[in-house]
Each structure stands twice: as C-alpha cells, then as structure tokens.
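For reference, the structure discussed in these notes is given below.
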Amino acid sequence: MKQIQPEKLFVASCLALLVTSLSFGIRAGILGQLGVQFHLSGQELAIITGTAFWGFPLAVVIGGFIVDAIGMKRLLVAAFVLHLLGILLTICTPWFSSGFWPLFISTLFIGMANGTVEAACNPLVATIYQDNKTTKLNHFHLWFPGGIVIGSLIVFFLNMVNIGWQIQVATMLVPTLIYGFLFLKLDFPVTERVAAGVSNKQMYRSIASPLFIFMFICMFGTAITELFTNQWIEILLKNVTAYGLLVLALTAGVQVLGRAVAGPVVHKMSPTGVLLASAVFSAFGLYLMGSVSGNMLFVAAVIFGIGITYFWPTMLGFVSENIPESGALGMNLIGGAGMFAVSVYTFFMGGFYDSIIAKNLPASASLDVYRSAAPGTPEATTFQQAQAVAGPEIINVTLIIPVILIVAFAGLFFYMKGKKKQTLHSTLQTA
C-alpha cells in the first residue's frame, strides 16, 4: 500500500526546481566568461543559451504525453540523471578541443532535465493540492527565482575571490544529489486526471478549445518577457552598469517575495487580474531598464520583478483551474510553449545583438578582432561602447511583447469575469 507524503514530495519538488533555476542563474552569470575563454560570438552564445530553452519544451511536451502512463516518479528519476550528466559535462568542457559542442550538449541535457522536472512536478503539485492549485504552484515556483538569486550571488561572490566558473557550476551537484535521493525513496500518487477518470478524448478536446489556444499563445509572451530578459541581463547591461548580476538577483528576489505571498494576492485580484497587472508592471519595468542608468536600474529591476513574479505559475494555475480536463498534458504544453518561444527569440536576438554592435564599430571593422581585443586598448573601449548601445536596444525591442500582453490580458479579464471555476468532477458531469 502506497503511503503518500505530500509535504515531503513538495519539498523534493522544490529542490528539483532549485537545481533548474540554479542552472539559469549560474549560466547567466558565467556566460560572458565562457564567451571569452572559448572565443564564442554573441550568436554562438545565443545558440548555447537557446539550447536550454528548446531542450526544455522537448522534454516537457514528451513528458506531458507520457506522464499519465509511466508515472511521475520515473520522469523525475530521468530528470536526476540528465541533470547529473549535464552538470558534469559542463565542468569538463575545458578538456575538449572546442568549447562550443560540449557546452551545447551539456546545456541540452540540463534543458531536458529542467523540462522533465516541470513535466512531473507541476501535475504533482496540482494533484496533491487540488483545492489550492494556483497558490501552491506559486509557492513551488518561488524556488525558480530563488535559485536565480542564489546562483547569481554564487557567481558574484566567487568571482570576487577568483574562484573559477567550474566550481560555481559544481555547486549544483549538492541539491541535485539530495532531490534524486528523496524522489527515489518516496511514493507517488497517480495524476489528478487519471484519478478522476477523465478520458484521453476529453483531454485532447480540451487542448483544442479556444481558451486553451489563447493561453498557449499568451505563454509565448510571458515566458520571453521573464526568461529571456533574466538570462541575458548580465550581457545586456554589461557596459551600462558594473552590477548587472545584482540587478538580476534583485529582480529574482522580488519574485521570491511575491510568490511567497501569492495566496492573498491571487484570491483578492483573481488570476486574470494578476496577469493583467503583471503585464503592466513588466512593460513599465522594461521601459525603465532600457532607458535609465546608475541607481535607477535597481528601481527598474524592482518594478520589472513585480511584473514577472506571477506570470509563469499563474498561467499554469489558470489552465489547471479553468481547463482541468486538459490534465498534466495541458500544463506541460503551456510550459513547453513558453520555453520554445524563448529559445527561438534568443536565437534571433543573439544575431541582432551582434548586428547592432557591428553598426557601432568603425566601417569595415572585424567584429571578432574587436571582441577579442585586450582590455584597455582603443579597440576594447570601442567594443564596450558598442555593447552599451546594443543592450538597451534589445531591451527596448522586447518591450513590445508585454505591451501586447496588456491588451490580451485585458480582454481575458473581461471575458472571464463572472465565469465560475471548473472542477474535474463538474466537467465529468457535463461531458
């Protein structure tokens, strides 16, 4: 007889998500170092970074289709193995003749591990807390920005004492081994959809509904606004401020605090109200981030952090509560859509970033020559000035996305006003 222990499962899930977010925070902090050490262009860095984002949807969508059949435990054991392989291969990158492919493959492993964690843990949290999904999903997802804070500070302080990026990456092994051990010994429930007896036909019909498709498309924008900006913030603000990593840590810290008090916020404003307010704050925060400098960047970071705090977990909670028959597949398709959008956007923005820098260099100048110029030389100074122009310009282009979301979520707010929240049991009765 299985003995389900919800609190221990929740703690282990939070540790697994912590590893996911540490990979984002630490990678964001060491991206510039990797570019210099392995002579990688902005486009190559974008491809490597984007690999984590398309590896995630690959795993989360596959996981969404099979989680009901094979169970959440097997998926999380697979996530543990992929995390372990990805971390170890990243550490061993200098042993290879080229840095690009080891970083590409290791980032793919970590991205797939991250997606597998989401594929199993989101439906797990929704299953063990069926009467409080959106709030508990926010509590669970506070560990994503929490890990970014921890990862950013690890990079910042270890860099100060000249401890290399390999040790920084190795710190992820500790929570990885702990969550792997916990999940191996705990019993798991079946997913909520399986327990309720919702058929595959009902599930597939629900993900073809107009409301689901609308949320699927909106997830493109919410994910890009949050994850692309956070992942590239150190590069985008590199020559605007010396404290790009602290801006990231501050933004993520605001997210942690916001998600910790998600219950009263969501119940007072409703999920659609939260999403609309989030889009407004995100747009204003990005506008400031792309147009101010100095200490005002920290003000911009706080406003932007408030904006992106509730995007991801509230999108998942909305789908789980208002389209419950979509089950684990629905939540995972939404998450996969977001990460896929970030991977595509990151790829194009990497090339765009290089092109902006090239435009701000002398005519017929070689981008590679200026990128690899020794510190203090005229070429290095010119390249840094070009970067200081390129970063805010990328941020200003990204600003268009939350502006569109304001319109979309305003429409959703009025559409959902007065509608009652569905449950799986009410869905079965009306099917």
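The values are calculated or read from the model by the stated rules, or taken from the named source; none is laboratory data. All values derive from a computational prediction rather than experimental measurement. Reconstructed Cβ throughout: ideal geometry from the backbone, glycine too, with neighbour counts over all protein chains shown. When the accessible area is computed, the model is the full protein with side chains, heavy atoms only, and any ligands, DNA or RNA have been set aside. Shrake-Rupley method; radii C 1.70, N 1.55, O 1.52, S 1.80 Å.
Some observations on this one:
- In segment 268-294, the residues that are under 20 Å from L137 (Cα atoms) and either buried (at least 20 other Cβ atoms within 10 Å of the Cβ) or in contact (Cβ under 8 Å) with a residue 40 or more places away in the chain (or both): S270, P271, T272, G273, V274, L275, L276, S278, A279
- Top-ranked residue of segment 325-340 - restricted to ones that are open to solvent by 10 Å² or more (accessible area, probe 1.4 Å) and at pLDDT 85 or above, ranked as nearest to the chain's Cα centre (by Cα): F340
- Some residue of segment 11-25 being more than 22 Å from the chain's Cα centre (by Cα) and either closer than 30 Å to N132 by Cα or assigned to a helix (DSSP H, G or I) (or both): no
- Sole residue being under 18 Å from E44 (Cα atoms), in contact (Cβ under 8 Å) with a residue 24 or more places away in the chain and assigned to a helix (DSSP H, G or I), chosen from G351, G327: G351
- Any chance F100 is under 17 Å from the mean Cα position of the chain (by Cα), open to solvent by 10 Å² or more (accessible area, probe 1.4 Å) and aromatic (F, W, Y): no
- Residue check for L211: open to solvent by less than 10 Å² (accessible area, probe 1.4 Å) and either closer than 21 Å to I394 by Cα or in contact (Cβ under 8 Å) with a residue 12 or more places away in the chain (or both): no
- Residue match in segment 174-184 (condition: small (G, A, S), open to solvent by less than 10 Å² (accessible area, probe 1.4 Å) and under 18 Å from the mean Cα position of the chain (by Cα)): no
Yes or no, residue by residue, for (1) open to solvent by less than 50 Å² (accessible area, probe 1.4 Å); (2) under 16 Å from the mean Cα position of the chain (by Cα):
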site: M296; (1), (2): no, no
site: M315; (1), (2): yes, yes
site: V342; (1), (2): yes, yes
site: I356; (1), (2): yes, no
site: G391; (1), (2): yes, no
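- Meets criteria (more than 14 Å from the chain's Cα centre (by Cα), open to solvent by less than 10 Å² (accessible area, probe 1.4 Å) and more than 18 Å from E192 (Cα to Cα)) for F304: yes
- Per the listing A69, A79, the residue uniquely among the aliphatic types (A, V, I, L, M) and in contact with a Ser or Thr (Cβ under 9 Å, 6 or more places away or on another chain) is A79.
- Considering G86, G115, G64, the condition of being open to solvent by less than 40 Å² (accessible area, probe 1.4 Å) and either over 18 Å from the mean Cα position of the chain (by Cα) or farther than 25 Å from L275 by Cβ (or both) is satisfied by G86 alone.
- Taking the conditions (1) open to solvent by 20 Å² or more (accessible area, probe 1.4 Å); (2) more than 13 Å from M112 (Cα to Cα) in turn, I26 satisfies each one other than (1).
- Selection count, segment 221-267, where residues are of a type in the set (S, T, Y), more than 22 Å from F53 (Cβ to Cβ) and either open to solvent by less than 30 Å² (accessible area, probe 1.4 Å) or modelled with pLDDT of 85 or more (or both): 1
- On inspection, L137 qualifies as in contact with a Gly (Cβ under 8 Å, 6 or more places away or on another chain) and within 17 Å of N332 (Cβ to Cβ).
- Filtered residue count, segment 362-402, keeping only those that are of a type in the set (V, I, T) and in a loop (DSSP other than H, G, I, E, B): 1
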